[in-house]
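Before any comments, here is the structure.
The values are calculated or read from the model by the stated rules, or taken from the named source; none is laboratory data. In this text the structure is predicted, and so the values were computed from the model without any measurement. Because the Cβ atoms are built from the backbone with ideal geometry, glycine has one as well, and the counts that use them run over all protein chains shown.
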């Protein structure tokens, strides 16, 4: 993808964002890229939730809107957030922050790495919501390194840990590491070929109280390459 983005950027710009996301997320070689793009779309279900976001609520959803992190820019992997007003809770944000790939292939942005892009996404959230109470739940793709722990699934490799510190510095309540601490993206998951990391959280800022966080949806067979996190949060 890095080579394609560098050498074929003008061609890529003619594709829709959904098409680009499909290529990026499914193509593993030139052959699979060609297969994904050959003109047989009528044989395929080509509906794609590019950002991969869904927000469900048992409380009434008073309003909900999707926002891109980088409006007007074309991304090979779409990134943005859902902002919703939920009865009895207030503002709830659902997002999926940039994964920290070793190579950077966003040709329409000015960053040099996904660590930098993720920092810019965090800055968008902080700028938009810093003045009001809100809950944010996401695959944050950032988490601390933990070298010693009481069990192997609590030993964490760390993923862009400097960005995790930004969330803490911005005043968010993040208690998962002390409440539970097990990896949410785990090498014992057959869908994962990576080190243990805790990168999924339910955070909040402002007038809320919460019960301890806990990992969930971690049975076999796995429902996803990520396990879930559950946190009961109440507005004061």
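Per the listing 200, 179, 225, the residue uniquely surrounded by 13 or more Cβ atoms within 10 Å (Cβ to Cβ), under 24 Å from residue 126 (Cβ atoms) and within 16 Å of the chain's Cα centre (by Cα) is 200.
Take residue 75 and tell me if it is at pLDDT below 90, within 21 Å of the chain's Cα centre (by Cα) and part of a loop (DSSP other than H, G, I, E, B). Yes. On the given criteria, is residue 138 in contact (Cβ under 8 Å) with a residue 60 or more places away in the chain and within 15 Å of the chain's Cα centre (by Cα)? Criteria met by residue 138.
Scanning segment 210-222 for residues that are within 18 Å of residue 180 (Cβ to Cβ) and either out of contact with any helix residue (DSSP H, G or I) (no Cβ under 8 Å at 6 or more places or on another chain) or assigned to a strand (DSSP E or B) (or both) yields 210, 211, 214, 215, 216, 217, 218, 219, 222.
Yes/no per residue for (1) under 30 Å from residue 233 (Cα atoms); (2) not in a strand (DSSP E or B):
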site: 63; (1), (2): yes, no
site: 92; (1), (2): yes, no
site: 95; (1), (2): yes, no
site: 99; (1), (2): yes, yes
site: 102; (1), (2): no, yes
site: 105; (1), (2): no, yes
site: 108; (1), (2): no, yes
site: 117; (1), (2): yes, yes
site: 120; (1), (2): yes, yes
